[in-house]
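We did not get these values from a lab; they are worked out from the coordinates using the rules stated. This one's a predicted model, so the numbers in the text were calculated from it and none came from an experiment. Don't worry about glycine lacking a Cβ; one is built from the backbone with ideal geometry, like all the others, and counts go over all protein chains shown.
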Amino acid sequence: MKATILYLYHDLMSLYGDNGNVRIMEKRLRDQGFDVEIVRKTITDESISFDGFDLIYCGSGTESKRAAAAAHLKLFEKEFSKAVSEGTPMLFTGNSWGMLGKTITGLYGDKTEGLGLFGFDLTEEIKKRFTGDAVLTTEDFADPFVGFINKCDVIEGFEDYRFKVSKTIGQIPYTGDGVRMENLFGISLIGPVLVKNPFFAEYLTKLICQRRGIQYKEVMYFHEKKGYEMTLKALTE
């Protein structure tokens, strides 16, 4: 049985080694017995289909590259929204989930339309960056998320965050983060989020198996689990 992952803007939106998230899902799905195909799409593609994918992923990029990706993805707004409503598992990490809102105002006042799935307008701060280690909690999962945030996004008047910023080490002034709609998740943590938070990688793998109608096989990823426990302890004690 084949599983397919759509990797959006692989060449633009992988600033912090975000491709590790695709690689870890490829590994986990292979461990479940899938043959895995990774389909890569970027701004040079004139068309993008979102049908039939088991996972859609987009990572983080520079502000200018995010604007380019957002403008391109906007061309396929209806098709993307349809995939969201059908429950396709999706993950947008780092600053990429900013593309899911209404607008992005750039560092010099230039404005890019987002997909409009969420009712926020995002402004890029020209003088400050918000960086640091963070612990995020959500009612969706018993375990907290851990990782690093590096962004210059400012969102005002938006209350529908999916995650609560419960602990930070660094300069992160806000208390809410990320979004969720159906099986679409957006979260500001950068880099290999699914390596750092193996419970979430397991959740996505189980979800894909469930949607494909196959029994999930328990597999122990000892080193990832140990690394998560050590990181969580270091950030919360």
Every residue from the stretch 183-237 that is without any contact (Cβ under 8 Å) to a residue 24 or more places away in the chain, over 25 Å from GLY87 (Cβ atoms) and out of contact with any Asp or Glu (no Cβ under 9 Å at 6 or more places or on another chain): MET220, PHE222, HIS223, LYS226, GLU229, MET230, LYS233, GLU237
Among residues of the stretch 122-136, those that are outside any strand (DSSP E or B) and either of a type in the set (Val, Ile, Thr) or closer than 13 Å to TYR108 by Cβ (or both), counted: 3
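If I filter the stretch 95-115 down to residues being small (Gly, Ala, Ser) and touching a helix residue (DSSP H, G or I) at 6+ places or on another chain (Cβ under 7 Å), which single residue comes out as farthest from PHE80 (Cα to Cα)? Outline the logic, then answer.
Initial filter on the stretch 95-115 (small (Gly, Ala, Ser)): 96, 98, 101, 106, 109, 114.
Now drop any that are not touching a helix residue (DSSP H, G or I) at 6+ places or on another chain (Cβ under 7 Å), which leaves 96, 98, 106, 114.
Numbers: SER96: 15, GLY98: 15, GLY106: 23, GLY114: 12 Å.
Within the stretch 95-115, the match that is farthest from PHE80 (Cα to Cα) is GLY106.
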Output for the stretch 176-203, where each listed residue is outside any helix (DSSP H, G or I) and over 16 Å from ALA134 (Cα atoms): VAL179, ARG180, MET181, GLU182, ASN183, LEU184, PHE185
Total residues in the stretch 117-151, condition under 17 Å from the mean Cα position of the chain (by Cα) and surrounded by fewer than 14 Cβ atoms within 10 Å (Cβ to Cβ): 1
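For the stretch 80-94, name all the residues that are out of contact with any helix residue (DSSP H, G or I) (no Cβ under 6 Å at 6 or more places or on another chain) and either buried (at least 18 other Cβ atoms within 10 Å of the Cβ) or assigned to a helix (DSSP H, G or I) (or both). Full working, then the answer.
Initial filter on the stretch 80-94 (out of contact with any helix residue (DSSP H, G or I) (no Cβ under 6 Å at 6 or more places or on another chain)): 80-88, 90-92, 94.
Correct list: PHE80, SER81, LYS82, ALA83, VAL84, SER85, THR88, MET90, LEU91, PHE92, GLY94.
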